[in-house]
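S.K.: If you scroll down you'll find the structure; I have some questions about it.
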Amino acid sequence: MSTDTTSFQADRGRGVIARYREFLPVSAGTPVISLGEGGTPLLHSPRLSAIVGRGCEVYLKCEGLNPTGSFKDRGMTVAVSKAVERNTAALICASTGNTSASAAAYSARAGLRCAVVLPAGKIATGKLLQAMAHGARIVAIEGNFDDAFLVVRALGRRPDFAIVNSINPDRIAGQKTAAFEVGDDLGDAPDFHLLPLGNAGNITAYWAGYREYLEAGRSTRLPAMIGVQAAGAAPIFHGRVVEDPETIASAIRIGNPASWETATRAVQDSGGGVDIVTDEEILAAQSWLATNEGVFVEPASATPIAGLFKCCDPARGPAFPLTKIPEGSKIVCTVTGHGLKDPDAIADRTTKLAAVPPTEQAVLRAIGF
Ligand code: F0G
């Protein structure tokens, strides 16, 4: 295992290509398009650790702290840098929101044109505004993410476009760096890793990252990978395409994931599992994390937390019950995107503010402690 962790620390904030160049498909001649992504906190969660109990430690990999507010930036820096190296004219992606925000930002940074194809009316406000702010050409289609992705796949065959969805191997390569960071921060790979499962690129990337770190002698073990889907959009859990996926977690409202096979292999080879959680459980987990740990994530990102609660509750028939998690295990949950990206999901549950007079007494009464 490497002992030289100080250089990794010093590289924090310089972007994932600077930090993990030797593991990425770049050469000295590749122009680096970076917004300083990666280096996100791996927060210990004392309250989740207490809930799991038996000496287990739970950590949150807070990917909402990337430059555009989601883990997509890790892959986008590599995909856009490679696109510039190949003299690509324009980038294109389908998205449930975060990929489009990231692609738009990195394209702006690179001076490339960017087109995003989105399911009409299904994108969280924050993400749509980001893509607009960065000057992407936005096309809304009458259909869902899976329909948008089919169109983008077809357009990607034309010479003028490079697809920056996670079917682009450069995206997966960049996203692997999250697993490297977890290994560097913990001093080894964890025992279990939970994360949301949508188009299934991220679980594919983490698994590749953990394996590469093991092969490179930077870690000594591999975690069991546990993917968590929303009950209304759970093709991998059910083993069949879902025609009309529906969930409050718009980022993972996907019925036919592009990286289905590699995700299934990651789960099987790692001895992990796939589980589902309801929208109610997702929203409760989102709220729990914000009020108990001070971490505000978007609904899709709360699925691993809801999944972990389910693991701890045998009455709910978890696919991966706590009995499979030995004492003293290290458990990492990736929370993939920032809560401010999807204000509508939380706004419905907040209380309406009534103004009171600007006096000490009135404010004290309103606080009501
Ligand atoms: N969490 C968030 C916040 C996401 O935006 C996504 C995917 C996922 C989890 C699932 O990751 O697809 O690699 O399994 N968002 C994509 C997008 C589909 O278009 O932004 P995955």
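The values are calculated or read from the model by the stated rules, or taken from the named source; none is laboratory data. Nothing here was measured: the structure is a model prediction, and the numbers come from that model. Counting neighbours? That spans all protein chains shown, and the Cβs are built from the backbone with ideal geometry, glycine included. Accessible surface is based on the protein model in full, side chains and every heavy atom, while ligands, DNA and RNA are left aside. Shrake-Rupley method; radii C 1.70, N 1.55, O 1.52, S 1.80 Å.
S.K.: Confirm whether Lys127 is modelled with pLDDT of 95 or more, out of contact with any Lys or Arg (no Cβ under 7 Å at 6 or more places or on another chain), within 13 Å of the ligand (Cβ to nearest atom) and on the phi < 0 side of the Ramachandran plot. Before the answer, list the steps.
M.R.: Working: modelled with pLDDT of 95 or more: yes; out of contact with any Lys or Arg (no Cβ under 7 Å at 6 or more places or on another chain): no; within 13 Å of the ligand (Cβ to nearest atom): yes; on the phi < 0 side of the Ramachandran plot: yes.
When the stated conditions are applied, Lys127 does not pass them.
S.K.: Being part of a loop (DSSP other than H, G, I, E, B) and surrounded by 13 or more Cβ atoms within 10 Å (Cβ to Cβ): is that true of Phe309 here?
M.R.: no
S.K.: Let me spell it out: the conditions are (1) part of a loop (DSSP other than H, G, I, E, B); (2) within 28 Å of Arg21 (Cβ to Cβ), and Ala266 meets all of them except one. Which number is the exception?
M.R.: (1)
S.K.: Counting just the residues of segment 225-249 that are open to solvent by 10 Å² or more (accessible area, probe 1.4 Å) and not in a loop (DSSP other than H, G, I, E, B), which one comes out farthest from the ligand (Cβ to nearest atom)?
M.R.: His238
S.K.: Of the residues in segment 81-114, how many are crowded, with 19+ Cβ neighbours inside 10 Å and either at positive phi or within 14 Å of the ligand (Cβ to nearest atom) (or both)?
M.R.: Matching residues across segment 81-114 total 17.
S.K.: Starting from segment 204-216, keep only residues that are β-branched (Val, Ile, Thr), then list their pairs with residues that are part of a helix (DSSP H, G or I) whose Cβ atoms are within a distance under 8 Å, requiring at least 6 positions of separation or different chains.
M.R.: The qualifying pairs are Thr204/Ile172; Thr204/Thr262; Thr204/Ala263; Thr204/Ala266.
S.K.: Now a separate question. So which residues in segment 115-140 are open to solvent by 30 Å² or more (accessible area, probe 1.4 Å) and in contact with a Leu (Cβ under 8 Å, 6 or more places away or on another chain), if there are any at all?
M.R.: Leu128, Ile138, Val139, Ala140
S.K.: Here are the criteria: (1) modelled with pLDDT under 95; (2) crowded, with 17+ Cβ neighbours inside 10 Å. Tell me which single one Arg19 does not satisfy.
M.R.: It fails just one condition, (1).
S.K.: Name the single residue that is farthest from the ligand (Cβ to nearest atom) among those in segment 250-259 being open to solvent by 10 Å² or more (accessible area, probe 1.4 Å) and farther than 22 Å from Gly339 by Cβ.
M.R.: It comes out as Asn256.
S.K.: On to the next question. Enumerate the helices (runs of 4 or more DSSP H) found wholly within segment 1-114, keeping only those where 2 or more residues are closer than 30 Å to Pro299 by Cα. Walk me through it before giving the result.
M.R.: Values: elements: 5-11, 16-20, 46-52, 72-85, 98-110.
Answer list for segment 1-114: 16-20, 46-52, 72-85, 98-110.
S.K.: Are there any pairs with C-beta distances below 7 angstrom linking a residue in segment 175-200 that is free of Cβ contacts under 8 Å to residues at least 40 places away in the same chain to a residue that is within 11 Å of the ligand (Cβ to nearest atom) and part of a helix (DSSP H, G or I), with the two at least 6 apart or on different chains, and if so which?
M.R.: Pairs found: Ala179/Tyr206.
S.K.: Of all residues in segment 166-200, count the ones that are in a loop (DSSP other than H, G, I, E, B), within 16 Å of the ligand (Cβ to nearest atom) and surrounded by fewer than 24 Cβ atoms within 10 Å (Cβ to Cβ). It would help to see each step written out before you state the result.
M.R.: From segment 166-200, those in a loop (DSSP other than H, G, I, E, B) are 166-168, 176, 187-191, 197-200; that's our starting set.
Remaining after also requiring within 16 Å of the ligand (Cβ to nearest atom): 166-168, 176, 197-200.
Next, from what is left, pick out any that are surrounded by fewer than 24 Cβ atoms within 10 Å (Cβ to Cβ): 167-168.
Result for segment 166-200: 2.
S.K.: Taking into account only those residues within segment 284-305 that are over 21 Å from Lys122 (Cβ atoms) and aliphatic (A, V, I, L, M), which is farthest from the ligand (Cβ to nearest atom)?
M.R.: Taking the candidates together, the pick is Ala284.
S.K.: Also: Considering only segment 318-369, how many residues are surrounded by 17 or more Cβ atoms within 10 Å (Cβ to Cβ) and either hydroxyl-bearing (Ser, Thr, Tyr) or free of Cβ contacts under 8 Å to residues at least 24 places away in the same chain (or both)?
M.R.: 3
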